[in-house]
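The structure appears below as structure tokens.
Coordinate-derived values only; no laboratory data. Please read these numbers as outputs of a predicted model, since none were measured by experiment. Cβ sites come from the backbone with ideal geometry, for glycine too, and all protein chains shown count toward neighbours.
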Amino acid sequence: MKIAILHEMLIKLWWAEKVVENWLKAFPDADLFTLIYDEEKVGKIFKKEKINKQVFNLKTQKVYKLTKKQRFCLPFMSKSVESLDFSKYDIVLCSSSWFAHWAITKPETKFIVYYHSPARYLWDWTNEYKNDLGLNNWLKKYTLKPIINKIFFENRKWDYIASNRVDISLANSNNTRSRIQKYYRKDSEVLYPPVEIKRFQKEIKSENKYWDYYMIISALTEFKKIDIAINWFNHLSQRLLIIWKWDYEDELKKLVKNNNIEFIWAKYDDELVSLVQNSLWLIFPWEEDFWIVPIEVMASWKPVFAYNWGWLKETVIWWKTWYFFEDKEWKDFIDKFKIFHSNNINWVYKKEDCIKQAENFDEQKHIDFIKNIIKQ
């Protein structure tokens, strides 16, 4: 049986890429496809020789190689993914947040799509993405905005059409499942992402210059609401480490008023695990369809403070592993955070509860499910 694995963009090592990494471990003979590949950023995990040669002839890859900006590849995504030839494969296993599920396969090829989300930028976060592109700038507003609006309109139509090419639809959470139903008018089965529970359970002894801190681990983009977290922590004494980088970083740094908030570069491997294990733990301020980090946090025997929304309610034990703020405008953030902090330093959240809950999302459960579907 010949298997192809398709993932939108291999230009970063985030949590969707962890899914693909696990698939490749489970199916080492599979060929790997993507629309954009950056060896410098991901070559340690996804070797260049593993990438199918078709990728390097795609328009998206050529534009990215020239600009190093994935946003400039947006107009070419649909044609690029539809141009990939999967005719010799029995199975195409697709990891999709944007365009990957637009691939075209033969009737006899089983096309399995694992949805991290129906494209947020097309459906329900359109305005946030436009802001992230800087379209509020007066020059861009009159030159680029009409073009971008047309691209969004056309892509919505094709996104819906493409969803009907899929043989088996899998959703990474019940929240994603409901969005697939709403936008694509089709059902899907929930399969939580694979989480490296054992890696975060293993106690790491390494130098850590930080102490007594909470953390945010996230790409620094406008729609992640990190600006609101910074504004509230400006009024708190607890330390906040913001881990990761992205285009919005400079704007966020301008909001910092006190020295209790610090930005540090993206961390990986044992260094990241050590930072997690030595923290007071995670602040999770925005909406996601599923996010692996909070599960990794529980595996590291740490609780989470988050906005009470969506998939989080699928994965928590209320009062035992998490504490929530409720107001969408964050008006109750400080009051609820003070309760969470008091509970935290008084050991209300037990290590064994956090670890036990995290084990429900172990990576082997995900892989066993995928293998069973492929055998059917």
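Computed from phi, the 3J(HN,Hα) profile of the stretch 236-251 under the Karplus parametrisation 6.51, -1.76, 1.60 (θ = phi - 60°) reads 10, 9, 5, 7, 10, 9, 10, 10, 2, 9, 4, 5, 8, 4, 4, 5 Hz, with x in place of Gly and Pro. Taking a straight Cα-Cα cut-off under 18 Å and skipping sequence neighbours fewer than 8 places away in the same chain, the lysines within cross-link reach of Lys331 are Lys224, Lys225. Across the stretch 164-173, computed HN-Hα scalar couplings (Karplus, 6.51 cos²θ - 1.76 cosθ + 1.60, θ = phi - 60°) run 7, 7, 7, 7, 10, 9, 10, 10, 7, 6 Hz from first to last residue, x flagging Gly and Pro. You can think of it this way: the chain between Lys245 and Asp332 has 28.5 nm of extra reach, that is 0.36 nm per residue less the Cα-Cα gap. Summary value for the chain: 13 percent relative contact order, contacts being C-alpha pairs under 8 angstrom separated by 6+ residues. Rounded to the nearest 20 debye, the dipole magnitude of the chain is 880 debye, with +1 charges on Lys and Arg beta carbons, -1 on Asp and Glu beta carbons, and the Cα centre as origin.
Each peptide in 258-264, 277-283, 112-118 was scored by the mean count of other Cβ atoms within 10 Å over its residues; highest first, the order is 112-118, 277-283, 258-264.
As a rough footprinting exposure proxy, the listed residues Thr34, Thr321 were ranked by other beta carbons within 10 Å of their own, and the order from fewest upward is Thr321, Thr34.
Would you mind checking Lys198/Lys320; Lys253/Lys336; Lys41/Lys68 for any pair whose Cα atoms are more than 23 angstrom apart? As for pairs spanning more than 23 Å Cα to Cα, those are Lys253/Lys336.
Computed over the chain, the Cα gyration tensor eigenvalues convert (square root of 5λ each) into semi-axes of 34, 25, 20 Å, ordered from largest to smallest. The Cα atoms of the stretch 173-280 give a gyration tensor whose axes a ≥ b ≥ c have a/c of 1.5 or more with a/b no greater than b/c, which makes the shape oblate. Normalised by 2.2 N^0.38 Å, where N is the number of residues, the alpha-carbon radius of gyration of the stretch 1-65 equals 1.03.
Extension gain for the segment Asp124 to Tyr210, taken as residue separation times 0.36 nm less the Cα-Cα distance, is 27.2 nm to one decimal.
Cross-link reach is defined here as a Cα-Cα straight distance under 16 Å, omitting same-chain residues fewer than 8 places apart; for Lys53 the lysines meeting it are Lys62, Lys65, Lys88. Label the stretch 197-361 by shape, choosing from rounded, prolate and oblate, from the square roots a ≥ b ≥ c of the eigenvalues of the Cα gyration tensor; if a/c is under 1.5 it is rounded, and otherwise prolate applies when a/b is larger than b/c, oblate when it is not. Rounded is the answer for the stretch 197-361, as its axis ratio a/c remains below 1.5.
Could you work out how far helix 145-163 tilts from the main Cα principal axis of the chain, as a 0 to 90 degree angle to the nearest 10? Once rounded, one gets 70 degrees.
I need to check one value: relative contact order of the stretch 197-361, counting alpha carbon pairs closer than 8 Å and at least 6 residues apart, in percent. That works out to 23 percent. Shape verdict for the stretch 3-191, please, from the Cα gyration tensor: rounded (a/c under 1.5), prolate (a/b greater than b/c) or oblate. In terms of gyration-tensor shape, oblate. Fully extending the segment from Asn260 to Asp353 would add 30.5 nm, taking 0.36 nm per residue of separation and subtracting the current Cα-Cα distance.
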